[in-house]
Amino acid sequence: MKELIVISGKGGTGKTSLLGAFASLAKDKVLCDADVDAADLYLILEPDIRERQDFQEGHRAVINLDKCTECGLCRELCRFDAISPEYKVDPIDCEGCGVCVYFCPEDAIDFPIKTCGELFVSETRAGPMVHARLGIAEDNSGKLVTLTRKKAKELSEKRGLNLILTDGPPGLACPVIASIAGASAVLIVTEPTLSGQHDMDRVVELANHFGIPASICINKHDLNLDMTVAIEQYARDRGLPVMGRIPFDPSFTKAMVQKQTIIEYDGKSQAAQAVVEIWEKLAARFDLDTGQAM
């Protein structure tokens, strides 16, 4: 089984649009949206949800006012000021550390596990997809990413599919680490700006740390040709293959509005052809399955 993760050092580089296009090109695959904080691959592929699973992780304190004597110890010990003068716990401020529960002399504080989000298994026109949604202001996104990827692998094994295409989170934090650990390869989507190059450099270091083969794709390359050349020189200096350039094309936005991939919307456009060439290079380099799935 091979798993290709599409990531970027920052948001807005076009990785989801590119992953969606790959979904139109690859066959015999499972799609996985590991950007659980702000999943949006479903906007393009319109999944038909077949399974739902609550994601439960961590705890949150709840004071039983019938048993509470208002001694004030919990308020004194809470480092997060999550307990009001009326002895109600603010669910946003509570970090679930459990100090108040442990030290309450009346055992008046319950500590139930909390539901942080949902995991979905869906069918799309491009194939099966696993995706998730983390609740507002909830933490543990890295654990939900891990659970999402695990479910995608189980689904691929169950259906005998040997490829997983994963849309990773942007940035460099815990969710990104959880999304690439153990992957077969990563494709880093960048843009020709100083911030794009800076954040790409950081995510390259992350991939190197985990020993994951990385390659680079430059989106909207013609908006700043000097920066594009600089990024390609950086890649050569680091021994990183550049899979290709994608020109700026309003068709990407028009395709999203129509809930389509660029391949579906205008497969003959320059941008679509550039994506096809990138996919063919990726497939050849990492021995991925090729061919039109649509």
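The values are calculated or read from the model by the stated rules, or taken from the named source; none is laboratory data. Just so we're clear, the structure is a prediction, and the values are computed from it rather than from any experiment. As a convention, Cβ positions derive from the backbone with ideal geometry for all residues, glycine included, and neighbour counts pool all protein chains shown.
Which residues, taken from segment 247-278, are assigned to a helix (DSSP H, G or I) and of a type in the set (Asp, Glu)?
If the condition is that a residue be assigned to a helix (DSSP H, G or I) and of a type in the set (Asp, Glu), then GLU264, ASP266, GLU277 are the ones that fit.
Conditions tested, residue by residue: (1) surrounded by fewer than 17 Cβ atoms within 10 Å (Cβ to Cβ); (2) over 18 Å from the mean Cα position of the chain (by Cα).
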{"residue": "LYS10", "(1), (2)": "no, no"}
{"residue": "LYS27", "(1), (2)": "yes, yes"}
{"residue": "ALA39", "(1), (2)": "no, no"}
{"residue": "GLU46", "(1), (2)": "yes, no"}
{"residue": "ARG50", "(1), (2)": "yes, yes"}
{"residue": "HIS59", "(1), (2)": "no, yes"}
Pairs please, first residue from segment 71-93 and in a loop (DSSP other than H, G, I, E, B), second anywhere and exposed (fewer than 12 other Cβ atoms within 10 Å of the Cβ), Cβ atoms under 6 Å, 6+ apart in sequence or on different chains. ILE92/ALA137
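Hey, among the residues in segment 214-240 that are surrounded by fewer than 15 Cβ atoms within 10 Å (Cβ to Cβ) and touching a helix residue (DSSP H, G or I) at 6+ places or on another chain (Cβ under 8 Å), which one's nearest to LEU194 (Cα to Cα)?
Taking the candidates together, the pick is ALA230.
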Suppose the filter is outside the structural domain of PRO47 (by TED's automatic domain parsing), in contact with a strand residue (DSSP E or B) (Cβ under 8 Å, 6 or more places away or on another chain) and more than 30 Å from ALA38 (Cα to Cα); does TYR87 pass it? yes
